[in-house]
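Okay, so here's the structure we're looking at.
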Amino acid sequence: MAREVLVLDKINAGYGEFHVLFDVNLKVHEGEIVALVGPNGAGKTTTLRTIMGMTTLYSGKVLLNGNDVTKIPTHKRIELGITMVPEGRRIFKTLTVYENLLAGALTKKAQQKFQENLELVFNFFPKLKERRNQIAGTLSGGEAQMLAIARALMADPDILLLDEPSLGLAPKIVIQVFDIVKKLREEAGKTILLVEQHVKHSLEVADRAYVLEQGKIVLEGEARKLLTDERLRKAYLIL
Amino acid sequence: MSLLTEAQTKTTAIIIVSVVIIAIIAGVAVYYASQKPAQTVTVTQTQTVTKTASPTTTTTSPTKTVTPPKIKEIKIGLIEPLTGAHAVFGQEAKEAAELIINVINNELGGIKNLGGAKLKLVVADAGETPEQAKLAAEKLVAQEHPPIIIGAYISRMTAAVAEVTEREKIILVMDGLVDSLTEQGWKYVFRVAPKASAHGKSAVDFVLDMAKKKNLTIKKAAVIHEDSIFGTYVAQGAEKELAKYGIDYIVEAYPYDISDVTPIVSKLMDYNPDIVISVPYFHDAVLLAKTIKEMGFHPMFIAGAGGCGYTDPDSIKAAGEAVEWYTNTYSYNPARPTEWNKKIVKMFEDKYGKLPTEAAGIIFYSLMTVKEALEKAAVLHPEDPLNPDNLRDAFLSLDLTDNNSIAAQLYPTGHIKFAPNGDNIYAGTAVIQVINGKPHVVWPDPEPGIQPVFPRPDWPGAKG
Amino acid sequence: MPNPILRVEDVVKRFGGIIAVNHMSMEVYENEILGLIGPNGAGKTTLFNCITGVYKPEEGKIIFRNEDITGLPPHVIIQKGIARTWQKVRPFKKLTILEAVTVGALLRTPDVDEAKETAKEILEFIGIEKNRWNRLGSEITLIEHKLVDLARALATRPKLILLDEVAAGLRPHEMDELAKVLLKVREEYKLTLIVVEHVMRFVMGLSERIIVMHEGKKIAEGKPEEVANNPRVVEAYLGTKPL
Amino acid sequence: MPGTLSKKLALTKERLYSLVGLAIILALVPVFLGFNFYYVLLAADVMLAASLVAAWNIIGGYAGQLDLAASAYMALGAVVTGHLLANFGLTPWIGMFIGAGSAVAVAALVGYPTFRFGIKEVWYALLTSALVVIMMRIYYLIYGSFETYIPHMEPEWLYLTFRRYEVYYYMLAAMLVIIIWVNLKIKDSKLGYYLAAIREDELAAEALGIDVRRYKLYALMIYALLAGLVGGIYITLTGILSFRLFDPWLGIVVAVMGIVGGLGSISGAVLSAVILRSIEEYLRGTIGATYPGSHLLVYGLIIILVGVLKPEGLASFIDYFKKKITRRGEEVG
Amino acid sequence: MQVISVDPSLLVQNLVNGVFTGLLYSLVALGLALIFGVMDIINFAHGDFVMVGAYLTYVIATTFMIEPSLTAFITMPIFFLLGIVIYKLIIEEVLGAEPLIQIAVTVGLLMVLRNLALMIFHAEPRGVPFTIFTQPIVIGPITIASSRLAAGIVSLVALWLIHVLLTKTKWGIAVRATADDREVAELMGINVKRVYAVTFGLGTALTALAAALIMTFSRADPYLGLLYGLLSWVIVAMGGLGGVIGVLFSGLIIGVIEALGITFVGAGARELFIYLTFFFVLWFRPRGLFGRR
């Protein structure tokens, strides 16, 4: 098995006194796409935020490339090779497309590989190249999502966390997004942790998956197998 | 429902009750308090009297019918803005008062007619608002109850103090210059210093006098003034005088804390007056002078009116060359060549390392006048010289000239005599001009070796 | 079929270039519990906001009890009898539970004490324990927030309550508790409920009828089991087949 | 049910008793001060500050609007009352209501569009601060910088031109009690509940049927009314009318006192006004004259410390003691 | 007060004066706009930073006999550090606090600064008695005071530099990203706390530059802050968060309105015009003239 890029070890976390995650264990290996699925409010986003150090961590450890990053502030974790595409895209609306990409590449590591990554990103998203001088606030939903992913790629991460990348997008675009997720691994060699509502899609692109419910991991395993799992179906449509 | 409304009526009832309680206690308390007038004061006074019986005076009083009180110490209140925006005046006034009290007590041997009684300065801070000034007055009255108070520079603060001193029958020697202060029908107020409008008048008189000497005619004038009550009164004095001589003029008022005056200077340049009568405060004086210079505005003359502004040492320090040839009317003439004036100025310079400005000067002669009044009171009313009405009488009967008093020697006109409203009949100002970066008195009589510069050398007509 | 209490007719709401609600029509019948489901971004919350007057729809009409209420400001709409709860709890942090509910009750009476009594009745009915009534909004648990939110809405004596993701973030037993309360409330106060929900087992168990929204439009309508087996719905949720 | 009802009544009683207690204490203050003019005047000054802060509490504390225009409404009440007395000989007993009425009118005139256009937070604060300057300049355009001194008129009780300060003190103390009462009354009323809801969350409040703009305007107008009345009494005390009464700085100070007291807490507001005003005056008398400005420097430091360390203000201390008392009460009951 | 019939050349002259004053106002407000735009901190002490800057200019210029405008090279770095210290000591504690708390704390800061100045320098105005700007520049019928011209040009250049800094540099991108979305900025590896500290430092340093320019023609006094505090806020409010451009134009508008008010009515009505304009702008364009989030 490949190297473990990200390990969550018995994580208990939440916001202030509001406990959300209970003993969450999770691993992502190099070159893997791992899906984290579950109903709304199950704690998927909280898991990602905990990885980035944006929640209150009560106990447990976050390991990145084998290093304990539990006590490292968020902005320094980026330098260590991890980036997150936040839910709802949250591109910098007042900046231009190109400035958004610049904002993604402010770390030392990213600066060195700026040109290389820019080419990669424009290659992936030719639309962004066309619109590089447009104010990002005027982009459509799909373009904005592309930009959010592109911005994260500019940081030259080893592992990319994607939070609901297909949220609120037209089906056509959703398909594109999942295509891109696949391409990111295949062509750019990125490791990906994906949080999604589109369970089917995500399980189709992912190698492995975790199912989160009420802040606990209730199921984990090979994605394709989970796809046909009756329990998963129940978690979503209880009948 | 009914229960709740009952509770509400109860609420209302209890509120009314509590207000009534306040009212009743208030009524009783005020009645009780007003029954015994401010006795404490007289008590303390008699106490001081008995305690401090001086042997010399007791022996010299042969008659037992009227025993003149043996006074060793007389408190003089000083209420000046020692904190806040006007502290610049108040602090200097305090320094000046300390100096003069020292002179009176040590060099002049106290109040001679009262057996060499010493003066004791009691100071309170008038702050920045009328309430604070009033508080200061009440504090001074409650703690010290001086028979005479000097203060409080800023007009509305002086007015606030006057209300207290009138009630307590304390003589208030005002160093606030606003005209209306002596128009309120107050009985126990006196003002040695020239009032605001006199400053405006003097500025115009000075310019016209100079122009006459140089055979120049003045047709158009501009009056610009900061818009406080003081500035407005000064400007009015100038306007009246200009109108009297049939000179056309415009008036422009502005807040003294204005950020930029270029539009005003442009307006002046557009009107192109022969002379400018300017009534500034400190801050705007620096700004105006610099801007006028920088905009290349060259009228025949720019005359300042009102106590502070262009010729103050601090202003000259701050504005540099820009205030060269500016004049200012002054409630005090530091260059008057009288014996005592020279002496006091020197003492002040030695002690504080700076020239006395107007704030100090007013205190010089006001305090010296107080001394003269006390001397006079001792003569006129030996039985009770510190009685307010007796003191008032003494003030009104003063007629001080250079020959008979130090106070007059310190005063610009050399003559002090009070009108019934408390103003000095012979009030007048001096005009000071900045020549080679130093303030010099140029009018009514120039300092020795000093020639007033008129018109301004940069006036285009000066050479032709 | 009874009369519809609320009719949404051909409503359109756009944000910039994005159409959030796209010619949506639906009817809600008196005293029913209607589930409104759909994937994230389907336009449910926007539709809610159009009904409650937070947004003014660009096209279409909203008719409540035979009265056109389109574009009325929120405080007027609630007077007509439509109350709502919030997806993200919006507590009055410095007010106690009792006070917060009293605020709602004051809509129908100027008398604070009367309103307080109403609030107490409702709190008791909903099952918040008395010793919690004086807790501040900043000190209570999530389930209490949801219940207070509901109580606040109930206190305005509405005919129709729109519940926006009430179950989000709750534990299973809390959800069951909440569902029970909602059913009880519906009976007692003769209410109509519209439940926007993501948690399927909650909404499927609670609703009598379900409308599925997708991309601002209605794509299915019917009994819960019908809807759950509708291939379009499954597709909308689990996603279309990749090409 | 009856139990809870009596509990509610008991609460009201508790408040009323404390109010009556306060009234008695306030009434006795001059007695304790031995009718020393200085201390009574100082006490009157403290009452003035406390009244203004208590009035501000309605708009700032209850409605959560950052109003910095207390001095505008107070000064308007003052100048209207003062000029009616000085120029037309109208008794301040009537004049102060006309003055307060003008303050309400201005509040409505400014508040209506301001709330209508949804101006909130810092923008509202700036607008109100600018309002003070605008009104100052309007007064200046009418009266110039001339000062009007209200003369002593007989009978004193009719024209409120007393030579002693006790009467003014008692009037301001009574005013303070009335303003506290209005505060408590509002707090317990529909308006109070609505204002609290608006302060906490405007959108949620609106969804509960509250016409946010209207209730904000009510709060503003009541506040203006009270501030105007305080101004009317104040001017009979100082008797000096000038455009400097419209003091933007005073508006800020009133708000700051309210914040230091703790938002929405009437006891905190009053306590903070009393403490801060007394400290300021004490420091002014002790260190202020030796080092000009030092008293305000200390004052500023106190505000910073409270803001940084105890943003809930003095009210949190009061709550702490209250809780201690009520907890004990609960145990007994 | 006599009404002067305004002749056209005076009008043009005063419009020009207004433009230069307005440019300087923009510079004064720029630091505030930056701090408020990026950090959402309501700083009521901004005007008093200008005041402290004016005193520092006075002290340095008169001690070392340096042209006052050039002292900016010394005062700006000092103020940059001062800003960071104040940020660390006070501002960081109230980040994200309620607006009222921020107002209270910065009012406290204002009182400390103002009264410290009063204690040290007393209330007398202090000025630098020398400057290279003494001669007017006359272009046809228009006379421009050279210090105002210089101040205007320097302001414009400073505004332009800040604009370039914000749009063209790495750091500027980080600042704007932080202003846009603090949390996501952190996800981009931006040290938000440091960005805040530096922004506050820069905002403060800009007041030092403005103060140095002001000292070429005006004076320092403890109450100078009153003059520029509210005015800066008015400019920021009118400009909205339209960045440097918004600040520039609203500064110009204020400057011109002030000059017109003085020309047609009188200097006493100056504030009336400025603040009435402010009222109407807020009422009818609550998001400012140049947009706001």
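The values are calculated or read from the model by the stated rules, or taken from the named source; none is laboratory data. Keep in mind it's a predicted model, so treat the numbers as computed, not measured. Cβ coordinates were reconstructed from backbone atoms using ideal geometry, including for glycine residues, and neighbour counts include every protein chain displayed. Please note that ligands, DNA and RNA were not included when accessible areas were found on the heavy atoms of the full protein model with its side chains. Shrake-Rupley method; radii C 1.70, N 1.55, O 1.52, S 1.80 Å.
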Check your understanding: Of E:PRO141, E:PRO125, E:PRO99, which has the largest mean-square fluctuation in a 10 Å C-alpha GNM of chain E?
Key -> E:PRO141
Exercise for review: Amide H neighbours of D:ILE119 under 5 Å, at least 5 residues apart or on other chains, H built in the peptide plane: list them.
Suggested key: none
Check your understanding: Taking the Cβ-Cβ separation of E:LYS170 and A:GLU17 as r and a Förster radius of 41 Å, what is the calculated FRET efficiency to the nearest 0.05?
Key -> 0.60
Revision key, fill the gap. Under 12 Å by backbone N from the virtual spin label 7 Å along Cα-to-Cβ at B:LYS342, the residues of segment B:433-452 are B:448
Revision key, fill the gap. For the pair E:LEU15 and C:VAL76, the simple spin-label estimate (label points 7 Å beyond Cα toward Cβ) gives in nm 4.6
Revision key, fill the gap. Rounded to the nearest Å, the spacing of the alpha-carbon centers of segment B:355-371 and segment D:149-216 is 48
Review point. When the C-alpha atoms of chain E are aligned to their principal axes, what extent does each axis show, in angstrom, from largest down?
Key: 61, 49, 36
Exercise for review: With a 1.4 Å probe and every protein chain kept in, tell me what percent of the accessible surface of chain C is carbon plus sulfur.
Suggested key: 48
Revision key, fill the gap. Correct semi-axes for segment D:139-253, from √(5λ) of the alpha-carbon gyration tensor and rounded to whole Å with the largest first, are 36, 19, 10
Check your understanding: Taking the simple approach of a point 7 Å from Cα along Cα-to-Cβ for both C:ASN66 and C:LYS130, what is their distance in nm?
Key -> 4.4
Review point. Plugging the Kirkwood radius over Cα pairs into Stokes-Einstein for segment C:4-238, at a temperature of 10 °C and a viscosity of 1.306 mPa s, what D comes out in µm²/s?
Key: 88
Check your understanding: Okay, which of segment B:200-242 sit inside 12 Å, backbone N to the point 7 Å along the Cα-Cβ direction of E:VAL265?
Key -> none
Check your understanding: Principal axis lengths of chain B from Cα atoms, whole Å, largest first?
Key -> 87, 82, 39
Practice item. Can you tell me the relative contact order of chain B? Whole percent, Cα pairs under 8 Å, sequence separation 6 or more. Key: 14
Point to revise | Distance-filtered residues of segment C:164-207 - backbone nitrogen under 12 Å, label point 7 angstrom along C:ASN31 Cα→Cβ | key: C:186-192
Check your understanding: In percent, how large is the relative contact order of chain C, given Cα pairs closer than 8 Å and 6 or more residues apart?
Key -> 26
Revision key, fill the gap. A:LYS76 and B:LEU380 label points (each 7 Å along its Cα→Cβ direction) are spaced in nm at 8.5
Check your understanding: Counting Lys +1, Arg +1, Asp -1, Glu -1, what net charge surrounds A:VAL97 among other residues with beta carbon under 12 Å of its beta carbon?
Key -> +3
Study note, to complete from the structure: Karplus ³J(HN,Hα) for segment C:29-39 (6.51 cos²θ - 1.76 cosθ + 1.60, θ = phi - 60°; Hz, whole; x = Gly/Pro) runs 9, 4, 6, 9, 10, 9, x, 10, 10, x, x
Study note, to complete from the structure: Rg/Rh of segment D:1-132 (Cα atoms, Kirkwood Rh), to two decimals, equals 1.08
Review point. In units of 2.2 N^0.38 Å, what is the alpha-carbon radius of gyration of segment E:7-68?
Key: 1.55
Exercise for review: Anything losing 50 Å² or more of accessible area from the isolated chain to the full protein assembly: pick those residues out of segment D:104-145, probe 1.4 Å, ligands and DNA/RNA ignored.
Suggested key: D:PHE117, D:VAL122, D:TRP123, D:LEU126, D:LEU127, D:VAL133, D:ILE134, D:ARG137, D:TYR140, D:SER145
Check your understanding: Using a Gaussian network model of chain D with C-alpha springs under 10 Å, which one of D:PRO292, D:PRO248, D:PRO151 is most mobile by mean-square fluctuation?
Key -> D:PRO292
Check your understanding: For A:LYS129 and A:ARG3, what is the calculated FRET efficiency with R₀ set at 35 Å and r taken between the beta-carbons, to the nearest 0.05?
Key -> 0.55
Exercise for review: Please label the shape of segment D:2-247 as rounded, prolate or oblate, based on the square roots a ≥ b ≥ c of the eigenvalues of the alpha-carbon gyration tensor (a/c under 1.5 means rounded; beyond that, a/b larger than b/c means prolate, else oblate).
Suggested key: oblate
Practice item. Quote the FRET efficiency, to the nearest 0.05, computed for C:ASN229 versus E:MET119 with a Förster distance R0 of 51 Å and r equal to the Cβ-Cβ distance. Key: 0.05
Review point. For segment E:124-178, what does the alpha-carbon gyration tensor say about shape, rounded, prolate or oblate, given a ≥ b ≥ c as the root eigenvalues, a/c under 1.5 as rounded, and a/b over b/c as prolate?
Key: oblate
Check your understanding: Residues with amide H under 5 Å of B:PHE418's amide H, sequence separation 5 or more or different chain, H placed in the peptide plane at 1.01 Å from N; which?
Key -> B:LEU398, B:ILE425
Revision key, fill the gap. Rounded to a whole number, the Stokes-Einstein D of chain A in µm²/s (Kirkwood radius over Cα pairs; 10 °C; 1.306 mPa s) is 88
Exercise for review: Specify the residue with the greatest mean-square fluctuation among A:GLY16, A:GLY88, A:GLY41, computed from a Gaussian network of chain A linking alpha-carbon atoms under 10 Å apart.
Suggested key: A:GLY16
Check your understanding: If you bin the C-alpha pair distances of the protein assembly as shown every 20 Å from 0, what whole percents do you get?
Key -> 8, 30, 32, 19, 9, 2, 0
Review point. Which whole-Hz couplings ³J(HN,Hα) result when phi for each residue of segment C:86-102 is put into the Karplus expression 6.51 cos²θ - 1.76 cosθ + 1.60, θ = phi - 60°, listed in order with x for Gly and Pro?
Key: 10, 4, 9, 4, 10, x, 8, 4, 9, 10, 6, 3, 4, 5, 4, 6, 4
Point to revise | Fully extended contour minus Cα-Cα distance, from B:ASP399 to B:GLN143, at 0.36 nm per residue | key: 88.9 nm
Review point. How high is the relative contact order of chain D, given as a whole-number percent (alpha carbon pairs under 8 Å, six or more residues apart)?
Key: 31
Revision key, fill the gap. Binned at 5 Å from zero, the C-alpha pair distances of segment E:46-125 give percents of 3, 13, 21, 22, 18, 11, 7, 3, 1, 0
Check your understanding: At 222 nm, what helix-only mean residue ellipticity would the protein assembly as shown give, in deg cm²/dmol to the nearest 500, using -39500 (n - 2.57) for each DSSP H run of four or more?
Key -> -18000 deg cm²/dmol
